[in-house]
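Undergrad: Sending over a structure as structure tokens; questions will come in a sec.
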Amino acid sequence: MYWSRSSDKAGHEYDLLPFLLVVLTITSIVISEPFILIIVGFIVVFMILIQLYNRQIGKKLILENKRRSIRMFEGEEAEFDLVLKNQSILPIFNGFVSFTTDEKVGSERFVRFNQKRKNHFHVPLLLMGKSEARIPISLIARERGVVHIKNIRFSFPHILNFEQVILSYQGLYQTEILVYPKLSPVAGIDDFPYNNFGNQVTQFSPFEDLLSPVGTRDYVPSDPFHRIHWKASAKGQTLQTKVFERNRNISWTIIVNIAESSPLGNVYLSPMMEKYIAQAAYICQTITKQGHPIELYVNAAKVGSMPFQLGSEGGREHLKKAFELLTRIEKDCNVMSMTNLLYRVDHEINDSNIVIIIGDVQRDSLHYTNKWNRRGNSVLHVSEYISGARLTEIKNEGLAVNDTK
């Protein structure tokens, strides 16, 4: 049973009825008045019906609870149905469904009041016997985060004694609302067209995959002799040159530092955390639209001091995973030092040839950025300028200096 029952009354108002019934029965026998026994019979039947009804309350009331996720960006509106099924033949009149959500979402309907950063919803409901009711809930995304619907209650008057019955849902309601972060533009993403040999097919690249021929073309004097396709040349009675797939590798590793360090080395959440997450979301979306794979690291610590991490991949589904990872970072999460995060990245980074760091780059971090530069990676940093955020290159000596910053 997923519902627990309570009442808005103490429930002791019928405790004296058995004693009263005994007194009435004895009185009826003593004075030989059968009409009193009829009254006693009605009261007994009424009490039995109340007990039978009380035992059935909530047993045939089902809240549809499928696992689902509702995804929105800030400012967007989405709607879902909260479905209640009454499998009993008895109707429920003048009922109310109530629940709470975080203030990360809001609504123009059914919000009764706000308290302690919680929205308290109150929805009137009539539920006939052997029927279901679909309650449309419209929500507006206000700030980044994950929202769950909690404290679901169904209250209605008792059909016999008119007490207010309150049923509290005991299960976990499996609908979650994901409010994606804002997209904060970062300029300069197209200013670093670094190519390595890889498996991304492209029209323009200095690299060719000699194991992947795609056809032939007419021979020109500058073509190497070993590139001539002799069989095709004999068939067409003119020299033909082999054409191979042109490949490249442009893959990105995005590192988000949401922490700051005190002069004593203590690590705490940066007040710029939301801005850094918004910049990371924009970069992930832009690079994915260009068709390049991304991997993502954030020094928000999970249980066991593990960072938030997403492996290298591309495509729309991978972008959705990146947005969800950024969405699930709590505003009061634990953080790990940037040095510990970069140590982990250094041991796991493989194919990426471009590394982006968002957030503070401290002197301790330069050990790893210099190491990656020497290895051939391009290391970039999101720097703030008067005109807005822009990618700048981190050289071996540290961040590049720009007078317009």
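Undergrad: Quick check on this structure: which one of 88, 98 is of a type in the set (Ser, Thr, Tyr), assigned to a strand (DSSP E or B) and in contact with a strand residue (DSSP E or B) (Cβ under 8 Å, 6 or more places away or on another chain)?
TA: The match here is 98.
Undergrad: Of all residues in region 124-147, count the ones that are part of a strand (DSSP E or B) and either touching a residue at least 40 places away in the same chain (Cβ under 8 Å) or touching a His at 6+ places or on another chain (Cβ under 9 Å) (or both).
TA: Result for region 124-147: 16.
Undergrad: Out of the residues in region 210-228 meeting the condition of being among the polar types (S, T, N, Q) and modelled with pLDDT of 65 or more, tell me which one is farthest from the chain's Cα centre (by Cα).
TA: Among residues in region 210-228 that are among the polar types (S, T, N, Q) and modelled with pLDDT of 65 or more, the one farthest from the chain's Cα centre (by Cα) is 222.
Undergrad: Just one of (1) modelled with pLDDT of 90 or more; (2) touching a Ser or Thr at 6+ places or on another chain (Cβ under 8 Å) trips up residue 131, so point out which.
TA: Result: residue 131 passes all but (2).
Undergrad: Looking at 156, 93, which is the one that is outside the structural domain of residue 274 (by TED's automatic domain parsing) and either under 25 Å from the mean Cα position of the chain (by Cα) or surrounded by 18 or more Cβ atoms within 10 Å (Cβ to Cβ) (or both)?
TA: 156
Undergrad: Something else now. Tell me the residue from 274, 330, 317 that is in a loop (DSSP other than H, G, I, E, B), at pLDDT 90 or above and over 22 Å from residue 190 (Cβ atoms), please.
TA: 330
Undergrad: Exactly one of (1) of a type in the set (Gly, Ala, Ser); (2) assigned to a loop (DSSP other than H, G, I, E, B); (3) surrounded by 14 or more Cβ atoms within 10 Å (Cβ to Cβ) is unmet by residue 171. Its number?
TA: If we test residue 171 against (1) of a type in the set (Gly, Ala, Ser); (2) assigned to a loop (DSSP other than H, G, I, E, B); (3) surrounded by 14 or more Cβ atoms within 10 Å (Cβ to Cβ), just (3) comes out false.
Undergrad: Return a yes/no flag: does region 338-346 have any residue that is surrounded by fewer than 13 Cβ atoms within 10 Å (Cβ to Cβ) and among the polar types (S, T, N, Q).
TA: So far as region 338-346 goes, no, none of its residues is surrounded by fewer than 13 Cβ atoms within 10 Å (Cβ to Cβ) and among the polar types (S, T, N, Q).
The values are calculated or read from the model by the stated rules, or taken from the named source; none is laboratory data. The shown structure was predicted, so the numbers you read here are calculated from the model rather than taken from an experiment. Note that we place each Cβ from the backbone using ideal geometry, even for glycine, and neighbour counts take in every protein chain shown.
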